[in-house]
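Nothing in this text is a laboratory measurement; each read-out follows from the coordinates by a stated rule. Since the structure is predicted, the reported quantities are computational estimates derived from the model, not experimental observations. All Cβ positions, glycine included, derive from the backbone under ideal geometry; neighbour counts span all protein chains shown.
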Amino acid sequence: MIAAAIVFLYLAIVVYIGVFAFRKAAGTQEVEDYFLARRSLGPFVFLMSLFGTNMTAFAILGSSGHAFNNGIVTYGLMASSSALVIPLSLLLIGTRVWALGKRFGFITPVQLFRDRWECSHIGTVIFTLQAVLLLPYVVIGVMGGGTTLNVVSGGFVPFWLGGAVVALVVMSYVFFGGMRGTAWVNTFQTVLFLLFGTIAVVVIGYGMGGFRAAAEGLLGSPLSHLLSRERISPWYFFSYTFIPLSSIAFPHITIFCLTARRMSQFKKTVIFYPLCIMAIWLPCVFLGVMANRVPDVPQIEEKAEARRVLAEQGRQMTPEQRDVVRAKTDADDVLLLLLDRYAPLWLAGLLGAGIMAAVMATDSQILALSTMFTEDVLTHYGGKERFGEHAQVQMARAFVVILTVLAYVVALQAPETIFELAIQYAFTGFAALSPLLVAALFWKSSTRWGALASTLWVALAVAAVAVFQGMVPAPAPGPPVVAWRLFGLDALARTPGGTSVFGFMPVVPMVLVSALLMIVVSWLTPRPSPATIARYFPR
Amino acid sequence: MRRALLVLAVVALYVLHQDVWFWRTARPLVFGFLPIGLFYHACFSVAASLLLWLLVTYAWPAHLEAEAERRPGAGVQDPE
């Protein structure tokens with residue numbers, strides 16, 4: 001109960017920050033103030049908030065869970081590749097998006113695409129795909145909130161109530177505070193998580209009797225492979241370096257790039273981003289691996305046992321039996337279980353609040369979706385003059401409420417695994433949409449038809465992967481199920497974790513084909529008018 | 001020349017991410033508990049930060065800020 005009380009206190013602080021941001025706006029109903037905090041964020045808030053926006057529950061809890069089952073490879077797959085690619089994309093693409101936003105008054109990426117390629121409905125197609133890929137985040141955020149409150153309160157707060165509380169809190173500060181409230185809350189949450197994450201490592205390490213003994217013990221056990229990458233394909237590892245391309249293409253990140261007061265705000269963000277990633281991911285991954293050496297936690301032992309059964313008997317099981325056992329290996333709560341085992345009650349509450357902070361990173365997606373609906377659909381087709389700034393802000397607030405309520409209702413009805421899968425597709429889909437941004441910003445000859453071809457390809461490819469994984473059940477750990485062989489190579493195969501195309505993850509061919517389509521179709525179709533090209537590429 | 005060196009450094013770091021030389025071994029355990037593969041990638045993150053500092057220092061697109069400040073509010077064009 002103490003832990004739950006601390007978490008509720010934290011939630012109250014978060015709501016207050018949103019209300020404070022509303023007061024700071026002093027009742028202004030300006031579009032740029034609500035959607036972009038008047039393009040006025042300073043360097044510290046810009047770094048912490050941008051980083052916090054990228055560090056979702058999926059990243060924090062999922063990294064420990066992935067490391068528990070797959071070992072140290074998790075850091076190389078998801079963290080160190082992001083440490084290079086994400087800040088690099090912020091430097092090359094984010095700064096240009098900021099400059100164009102400042103010059104031409106853009107609020108969303110689709111506004112940029114429409115203006116750059118002189119198109120209207122093609123922008124709507126891009127908007128539709130972005131919205132479809134982003135929606136599952138909002139649902140999974142509400143689910144994560146419900147689950148975390150349930151665990152932290154020791155089952156006292158039921159899932160439906162926890163989800164409702166989190167949805168209400170997020171809705172409140174996004175509704176009132178807009179981008180300023182969201183950025184401040186994200187900054188507060190990121191600082192909290194960095195601080196309590198450090199404490200967690202010390203407390204858990206001390207509780208386990210030191211990490212040296214745990215690491216040596218793991219090396220001497222049958223699980224020693226978790227400390228190297230001997231069971232991971234180098235091609236699979238390489239494929240993962242394409243995933244962080246998704247970051248800059250996520251609409252909430254692109255929109256966030258427009259909030260900086262000056263372009264120099266990007267400097268510290270770009271330099272410190274890799275260190276922030278290390279500060280959060282290194283302990284999460286290491287603790288996830290070391291959880292395999294934790295005795296006396298029945299839930300962790302059950303996960304380890306399910307993993308052993310799947311590896312040894314998985315091939316004799318039916319797909320349905322494998323799914324049941326695989327579900328038991330899910331270790332996303334392993335960090336919470338470690339805290340429960342080693343942290344004193346008051347500290348568990350503080351750390352639970354820190355984890356809630358990560359779970360609630362869904363606020364940026366809600367704000368981005370409401371911004372996109374308002375600006376890219378209603379205002380675009382209805383006309384800016386007709387609505388006026390006040391009406392646009394009110395419409396955005398209405399969307400915040402509608403989206404949150406919708407996400408909550410869906411979260412109560414649908415199984416979580418569906419949305420976890422959808423998020424995996426989203427990363428791949430947005431990575432494959434990144435050529436659109438590159439072409440718009442760097443290539444004069446890119447055209448709207450090239451953009452349309454890339455977008456349709458991404459939509460088709462994401463759907464095809466989803467259908468394939470739905471039709472061919474995931475095999476047991478070991479060799480993949482080959483669906484199509486070409487020239488003696490495994491052209492298409494179902495792996496335990498997803499799909500492989502010539503040994504690569506689908507993101508690799510999807511990004512390459514998307515870029516190729518942009519190039520080829522742009523070559524074959526007429527360029528935008530010289531006036532537009534001159535505005536974007538001044539001599 | 002400086003720009004070419006920076007591009008080369010970015011490509012080199014990207015290639016260094018694929019550290020096949022530490023693929024199948026956990027030892028040595030750095031500080032007595034950190035597997036070498038994990039330590040390497042932590043160092044990779046620090047190297048990325050240093051490289052980005054170099055890029056920000058020597059390849060910062062300052063002209064973009066100047067252009068953005070010089071030509072404010074040109075307005076969004078009407079759609080087709």
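Here's the thing: no lysines lie within a cross-link span of A:LYS24, going by alpha-carbon distance under 16 Å and ignoring same-chain residues fewer than 8 apart.
A straight Cα-to-Cα reach below 24 Å connects A:LYS268 with the lysines A:LYS102, residues fewer than 8 places away in its own chain not being considered.
In a Debye calculation with equal point scatterers on the alpha-carbon sites of the stretch A:299-413 and no solvent, what is log10 I(q)/I(0) at q = 0.12, 0.16, 0.20 Å⁻¹? Log10 of I(q)/I(0), two decimals: -0.73, -0.89, -1.04. Over every Cα atom in the stretch B:2-56, the radius of gyration and the widest Cα-Cα span, Dmax, amount to 13.4, 41 Å.
Of the complete DSSP H runs in chain A, those spanning 30 angstrom or more by Cα along the long axis with a mean Kyte-Doolittle score not below -0.5 are A:2-24, A:121-152, A:159-207, A:265-290, A:384-413, A:416-442, A:448-471.
Remark on the stretch A:2-421: Rg and Dmax equal 21.8, 71 Å (Cα only).
Here A:LYS303 is the anchor, and the lysines within straight C-alpha reach of less than 22 Å, apart from those fewer than 8 places off in the same chain, are A:LYS328. Take each peptide in A:448-458, A:81-91, count the other Cβ atoms within 10 Å of every residue, and average; sorted highest first, the result is A:81-91, A:448-458.
How would you order A:137-149, A:189-201 from highest to lowest mean count of nearby Cβ atoms within 10 Å? Mind showing how you got there, number by number?
Values: A:137-149: 26.4, A:189-201: 19.8.
Ranked by mean Cβ neighbours within 10 Å, highest first: A:137-149, A:189-201.
With contributions of -39500 (n - 2.57) from each DSSP H run of at least four residues, the per-residue ellipticity at 222 nm computed over the protein assembly as shown stands at -23000 deg cm²/dmol.
Inter-chain neighbour count for A:99-111: the average number of beta-carbon atoms from partner chains within 10 Å of each residue's beta-carbon is 4.
Rounded to 0.05, the FRET efficiency of the A:THR128 and A:TRP484 pair, given R0 = 35 Å and the Cβ-Cβ distance, is 0.70.
Between the alpha-carbon centres of the stretch A:78-112 and the stretch A:269-327 there is a gap of 33 Å.
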